[in-house]
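What follows is a single structure, written as structure tokens, with notes after it.
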Amino acid sequence: MADKTPFSPFVPGRGGLPPYLAGRDEERDDLLALLAYLENGRGAPRDAVLTGPRGNGKTALMRWFEREIRSQGETVDVVWLTPNEIPDLDALANELTPLGRFDSLRPEALSLSIGVGRLGWELGRRPASLTRLLRARCSRQPLVVLLDEAQNLETEVGGALLNASQSVAAEAPFLLVLAGTPNLPTRLNALSATFWNRAKQIGIGRLEPVAAGEAVTRPLAEQAPPLAITDDALAEIVNESQGYPYFLQIWGDALWRVAKKENLTQIDVEAASVAKAAFDHERSIYYEDRRRELKAQTLLSVAIEVAAAFRDCVTLADAELDRVIAATLDADPRDPEVLRLQSGLANVGYVWSRPGEADRWEPGIPSLMSYVETYEAA
């Protein structure tokens, strides 16, 4: 029988759970602290909102949390959702409380839609019905709802879900966790939802150097045979990645492939330079996709000026970023178009501000700014 083809432990691409979730101890503790309320039969005192530029590991952290919940057996149930699955209240109700599992939950005020290929809750446009249904469901079994890409929520659905969470968690064991791009708070403010801004807001940004190194070294050390990385090679890897989790997964995958091909037990600078060719190729593809995205959203010209402003500094004050954007328009910093462009840059993760630091902006990936600036200058 043929040997099984070995595969890389690294998972660049779709937000899968990496082999080692580095540098997120505080964030994990925050989520587990909220889960503890449900495990004791109580609703979480507040929702959790995870924000950060794409590729920093929001989805990976949610996957870790989902796995933790499921590892406890059937004590707490968990549902994973994206906005595409819940275009209206009926769809939301049926995802949260599917008939077949909860047939007996039929409050008098709720009706069912029965027809060819369909049997489910029919809430119409009655958010209060969602609250009653969800309250009954959570009284049966504690529930955690994980909603990824939450910035794309439909207004009616998002407002109903956040308001239901507030009401249900006050009476039954329920927790809502939202994850989205840096402009998610702006989106939530538009949903007419009460108390969302009292949620536990968790910023998911680039990793510190030590954690970035561990994201690569620990999975490789757990291979058979173990694969080590010299200090000078690791320093280069961390520097090139800039602590961006997606890039670290690309690096790890490239290093693993070089080691397998050359039958190595240690990655030195020379082996890392071979892997870097594959890393550079993947990073260039990623950067070109982001540049095209900026161009398609008419953000490219302002992105170039913002890159120049960040060239000699780590962060920019909110007023200074407004001034840079306004200068590209020859407009007043208070012009609504300035805010629109700022929000657009945040939505694609070009810039972002951490929760609690709304007056300070930082690059999503500093080297992306360098790429955009250099490309347009060529």
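Of note:
- One residue stands out in the stretch 284-300 among those that are open to solvent by less than 80 Å² (accessible area, probe 1.4 Å) and polar (S, T, N, Q): the one that is nearest to TRP352 (Cα to Cα), namely GLN297.
- Matching residues in the stretch 4-49 - criterion: being over 27 Å from LEU207 (Cα atoms) and not hydroxyl-bearing (Ser, Thr, Tyr): LYS4, PRO6, LEU38, GLU39, ASN40, GLY41, ARG42, GLY43, ALA44, PRO45
- Filter result (farther than 16 Å from PRO173 by Cα, out of contact with any Asp or Glu (no Cβ under 7 Å at 6 or more places or on another chain) and either open to solvent by less than 10 Å² (accessible area, probe 1.4 Å) or modelled with pLDDT under 95 (or both)) within the stretch 18-44: PRO18, PRO19
- Any chance ALA211 is touching a Gly at 6+ places or on another chain (Cβ under 8 Å) and open to solvent by 10 Å² or more (accessible area, probe 1.4 Å): yes
- Residue selected from the stretch 45-81 under the condition open to solvent by 40 Å² or more (accessible area, probe 1.4 Å) and under 21 Å from THR186 (Cα atoms), by the criterion modelled with the highest pLDDT: ARG46
- Taken residue by residue, the stretch 167-174 has no member that is under 16 Å from PRO83 (Cα atoms), buried (at least 20 other Cβ atoms within 10 Å of the Cβ) and among the small types (Gly, Ala, Ser).
- Candidates in the stretch 150-166 are the residues that are touching a strand residue (DSSP E or B) at 6+ places or on another chain (Cβ under 6 Å) and open to solvent by less than 10 Å² (accessible area, probe 1.4 Å); of these, the one that is nearest to PRO127 (Cα to Cα) is SER165.
- Residues of the stretch 274-283 that are open to solvent by less than 70 Å² (accessible area, probe 1.4 Å) and either touching a residue at least 24 places away in the same chain (Cβ under 8 Å) or more than 18 Å from LEU248 (Cα to Cα) (or both): ALA275, LYS276, ALA278, PHE279, ARG283.
- Qualifying positions in the stretch 139-149 - open to solvent by 10 Å² or more (accessible area, probe 1.4 Å) and under 30 Å from ILE365 (Cβ atoms): ASP148, GLU149
- Long-range neighbours under 7 Å by Cβ, at least six apart or interchain, first residue aromatic (Phe, Trp, Tyr) within the stretch 16-44, second part of a helix (DSSP H, G or I): TYR20/GLU214; TYR20/ALA215; TYR20/ARG218; TYR20/PRO219
- The single condition among (1) without any contact (Cβ under 8 Å) to a residue 24 or more places away in the chain; (2) of a type in the set (D, E, K, R); (3) buried (at least 17 other Cβ atoms within 10 Å of the Cβ); (4) part of a loop (DSSP other than H, G, I, E, B) that ARG354 does not satisfy is (1).
- Some residue of the stretch 85-95 being open to solvent by less than 70 Å² (accessible area, probe 1.4 Å), in a loop (DSSP other than H, G, I, E, B) and touching a Lys or Arg at 6+ places or on another chain (Cβ under 9 Å): yes
- Test: residue in the stretch 68-83 that is of a type in the set (Val, Ile, Thr) and part of a helix (DSSP H, G or I): yes
- Boolean, GLU122 is surrounded by fewer than 21 Cβ atoms within 10 Å (Cβ to Cβ) and touching a residue at least 40 places away in the same chain (Cβ under 8 Å): no
- Among the residues making up the stretch 122-133, a single one is assigned to a helix (DSSP H, G or I) and touching a strand residue (DSSP E or B) at 6+ places or on another chain (Cβ under 7 Å): LEU133.
- Summed over the stretch 307-326, the residues that are in a helix (DSSP H, G or I), touching a Phe, Trp or Tyr at 6+ places or on another chain (Cβ under 7 Å) and not acidic (Asp, Glu) give a count of 1.
The values are calculated or read from the model by the stated rules, or taken from the named source; none is laboratory data. All of these numbers come straight from a predicted model, not from anything done at the bench. Methodologically, a virtual Cβ is constructed for each residue, glycine included, from the backbone with ideal geometry; neighbour enumeration extends over all protein chains shown. Only protein heavy atoms, including side chains, enter the accessible area calculation; ligands, DNA and RNA are left aside. Shrake-Rupley method; radii C 1.70, N 1.55, O 1.52, S 1.80 Å.
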